Amino acid sequence: MSNVITAREAEELLRKGEQPPAGAILTPSARDVFSGHGKPAFKGSATAAGAKKSTQPSVPDYEFRWKPGTDAKTPAELERFFNSPAIQVLKERICDMGRRLWQREYTDGNGGNITIRVGDNLALCTPTLICKGFMKPEDMCLVDLDGNQLAGTRLRTSEAKTHFGIMKRQPAAKACVHAHPPHATAFAIANVDIPSCLITEAEVFLGKIGVAKYQTPGTPANADEVGEVGKHHQAVLMQNHGVIVWGKDVEDAYWKMENIDSYCRTVWIAAGLGGGLHRFTGGQAKELINLRQKLGMPDPRAGLKECELCDSAEFRPGTTAPAQNQDSTPADPQIEAVVQQVTEQIMKALAAK
Ligand SMILES: [Zn+2]
């Protein structure tokens, strides 16, 4: 019998006025059920009921850790691992994050995907062609970091390989979330750099936002491009596509998706107020980058001088975008002709004087 307590079972226990049995593992939703009813909050992903409550305040740690060189290998080992209580907890967390993505309209249709690294060469991922708002733990897939499916009844997403482009280059990336949040994606399709030095939290939790050049989704070229950018940036804008973010656990990654879309939305609203954008200074940005590094998050700006930090002064939303796109609209031939005619008339008038 499984010793994982789901939210439904937790509600049943609460109804009966009972506590979870000793040694039981609570899924995040089950923990919410207990804490929401004024019962003791259960800390960590595998806290046994009845365990001595720590008197020290702490931050819950949801990062999945494994012993290097111990990946499940045989089909039987893989199946056992895939159905273990620890993996069941992660499957539920992926479903929770999927629901939050969909509720905030960061995904539409079957868009977006989520991965969690669970071994040297193992990862959980969402299946292809599924709405992220209504996934069930049994929909999840187990794959290796080349995208070969090892367990699960649904076919894995082809975009998982893009996530692994980052994970293979950046060991701190234990989970990735990809979605198409409208405000950040708008910057990605308008080819407008997201300005920096505007909101303190964005500098600390997002860091410098990377931009990955357009490549066809799901291709090795896309995995390489996103992987190279994602190695140094926790939030990556994928040109003409969307956003991919990474973190130490799946919620940590998911938070960055909220951060980047809220940031882009706020910048967009602020730019429309007409008063210009007030930036903090390079020196102030440096302090925030130092704070980010203290929290253990990488930032490619760490070695830059203060004067090089707030570099997006050319941002002019709603009027002109930076001229980065070489394929910009060609000049209108009719307007060109009128300009030509006017120029000729002026030249004639000047010559007649
Ligand atoms: Zn996508």
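The values are calculated or read from the model by the stated rules, or taken from the named source; none is laboratory data. Not measured: the values here are computed from a predicted model. A quick note on method: Cβ atoms are made from the backbone with ideal geometry, for glycine too, and the neighbour counts reach across all protein chains shown. These area figures cover heavy atoms from the full protein model, side chains too; ligands, DNA and RNA do not enter into them. Shrake-Rupley method; radii C 1.70, N 1.55, O 1.52, S 1.80 Å.
Can you tell me which residue in segment 171-200 is farthest from the chain's Cα centre (by Cα), limited to those that are part of a helix (DSSP H, G or I), β-branched (Val, Ile, Thr) and within 13 Å of the ligand (Cβ to nearest atom)?
In the first step, residues of segment 171-200 are kept if they are part of a helix (DSSP H, G or I); the result is 182-190, 200.
Still in the list and also β-branched (Val, Ile, Thr): 185, 189, 200.
Next, from what is left, pick out any that are within 13 Å of the ligand (Cβ to nearest atom): 185, 189.
Numbers: 185: 12, 189: 18 Å.
It comes out as 189.
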- Of all residues making up segment 155-170, the number that are within 11 Å of the ligand (Cβ to nearest atom) and open to solvent by 50 Å² or more (accessible area, probe 1.4 Å): 1
- Message: Go through segment 234-281 and report how many residues are part of a loop (DSSP other than H, G, I, E, B), of a type outside the set (Ser, Thr, Tyr) and either within 16 Å of the ligand (Cβ to nearest atom) or open to solvent by 30 Å² or more (accessible area, probe 1.4 Å) (or both).
- Response: 13
- Odd one out for residue 138 among (1) without any contact (Cβ under 8 Å) to a residue 60 or more places away in the chain; (2) open to solvent by 10 Å² or more (accessible area, probe 1.4 Å); (3) closer than 30 Å to residue 77 by Cβ; (4) assigned to a loop (DSSP other than H, G, I, E, B): (4)
- Message: Quick check on residue 316: is it under 21 Å from residue 191 (Cβ atoms), open to solvent by 30 Å² or more (accessible area, probe 1.4 Å) and at pLDDT below 90?
- Response: yes
- Query: Failed condition for residue 98, given (1) surrounded by fewer than 19 Cβ atoms within 10 Å (Cβ to Cβ); (2) in a helix (DSSP H, G or I); (3) under 17 Å from the mean Cα position of the chain (by Cα), with all others met?
  - Reply: (1)
- Item | residue 146 of a type outside the set (Lys, Arg), surrounded by fewer than 22 Cβ atoms within 10 Å (Cβ to Cβ), in contact with a Ser or Thr (Cβ under 7 Å, 6 or more places away or on another chain) and part of a loop (DSSP other than H, G, I, E, B) | no
- Can you find a residue in segment 201-211 that is closer than 23 Å to residue 64 by Cα, within 13 Å of the ligand (Cβ to nearest atom) and either open to solvent by 10 Å² or more (accessible area, probe 1.4 Å) or out of contact with any Phe, Trp or Tyr (no Cβ under 7 Å at 6 or more places or on another chain) (or both)? no
- Note on the structure: Per the list (1) closer than 14 Å to residue 141 by Cα; (2) in contact (Cβ under 8 Å) with a residue 60 or more places away in the chain; (3) out of contact with any Leu (no Cβ under 8 Å at 6 or more places or on another chain), residue check on residue 81 breaks on (3)
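Could you list all residues from segment 119-134 that are more than 16 Å from the ligand (Cβ to nearest atom) and either touching a residue at least 60 places away in the same chain (Cβ under 8 Å) or of a type in the set (A, V, I, L, M) (or both)? Full working, then the answer.
Restricting attention to segment 119-134, the residues satisfying the condition of being more than 16 Å from the ligand (Cβ to nearest atom) are 119-124, 134.
122, 123, 124 - these are the residues of segment 119-134 that are more than 16 Å from the ligand (Cβ to nearest atom) and either touching a residue at least 60 places away in the same chain (Cβ under 8 Å) or of a type in the set (A, V, I, L, M) (or both).
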- Neighbours by Cβ (under 6 Å, 6+ apart or cross-chain): first from segment 58-73, in a loop (DSSP other than H, G, I, E, B); second open to solvent by 70 Å² or more (accessible area, probe 1.4 Å): 60/43; 63/248
- Query: Here are some conditions: (1) in a loop (DSSP other than H, G, I, E, B); (2) open to solvent by less than 20 Å² (accessible area, probe 1.4 Å). Residue 116 meets all but one. Which one does it not meet?
  - Reply: (1)
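Hey, can you tell me all the residues within segment 282-298 that are under 23 Å from the mean Cα position of the chain (by Cα) and not in a loop (DSSP other than H, G, I, E, B)? Before the answer, list the steps.
Initial filter on segment 282-298 (under 23 Å from the mean Cα position of the chain (by Cα)): 285, 288-298.
The answer is 285, 288, 289, 290, 291, 292, 293, 294.
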